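The structure under discussion appears below in the form of structure tokens.
Please treat every number below as a calculation from the coordinates, not as lab data. Since we're looking at a predicted model, the values are computed, not measured. Using ideal geometry, Cβ is built from the backbone for each residue, glycine included, and neighbour counts are taken over all protein chains shown.
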Amino acid sequence: MSSRVIFRDFRESDISTVFQYKNDVGLNAMIVGKYAPFSMEDAAKWVHGCMQSDPTYRFWAIATNDEHQDLVGWLGIAKIDEYNKSVDLHSIFIGHPAFHDGLAWIEAYLFVMKYVFDTLHMHRLWGTRRVDHLQTMAIGEALYWRQDGTLRDAKWDGSKFIDISIHSLLHEEYFEHLANGDYEIRKVRRRIAKYLLNHI
């Protein structure tokens, strides 16, 4: 099966779409960080920051897999720690509603896992998730990330406090599951469906 999306560098033409996505309250309802509206100047500064080379972070535009390569979201890693061989999965954001079926999320996870373990040769990839965001909890479970712990009441969403879950995947775990064929898309989707069925 061909990939639904590709991962490319950011470009100037992405600024207006970033501005649109950053100001969509519904799209930002489940982020772990603090939400704040963006001006067009903010969007330009953000895109330019993603375009820069830095040893501690790396961002990609998630784009349509066609000749246009239109922006549908972004993917970022941060806190790249060469000493401890650890990387934070900073963000996966899918803005375009036509790509909300979950496949682009899975492809983004698989892309960043391969990059962190196969290209950067890191030992640990970790990230945080809202415990009430069932889709991201399901994807993490389906890709064999393990829960390291829970930060209680760590996120204020404007009306209540939310627990934040910390998950991680280690180098040897990734390559074991890769060798077993566990990261085939159809298998991942079945495990996600099973998780959601058991938690809804």
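Can you sort F161, F10 by how many other beta carbons sit within 10 Å, fewest first? Could the numbers behind the result be given before it?
Details: F161 11, F10 21.
Sorted ascending by nearby Cβ count, the order is F161, F10.
Which whole-number percent is the relative contact order of the chain (Cα, under 8 Å, 6+ apart)?
It rounds to 16 percent for the chain.
Considering the zone a paramagnetic label at E82 would reach in this model (a point 7 Å from Cα along the Cα-to-Cβ line), which residues of region 115-153 have amide N under 14 Å from it?
120-122
What lysines does K160 reach when the alpha-carbon gap must be under 30 Å and sequence neighbours fewer than 8 apart in one chain are set aside?
Output for K160: K22, K34, K79, K194.
Please give the contour-minus-distance gain from L197 to K160: 0.36 nm per residue of separation, less the Cα-Cα distance, rounded to one decimal in nm.
Stretched fully, the L197-K160 segment lengthens by 10.7 nm.
Helix-only mean residue ellipticity at 222 nm, the chain, DSSP H runs n ≥ 4 weighted -39,500 (n - 2.57), per residue, nearest 500. What is it?
-10000 deg cm²/dmol
List the trypsin sites (Lys or Arg not before Pro) within region 9-47 that fall in a DSSP loop (any state other than H, G, I, E or B) and whose Cβ has at most 15 other Cβ atoms within 10 Å.
Details: sites: R11, K22, K34, K45; in loops: R11, K34.
Answer by residue number: R11, K34.
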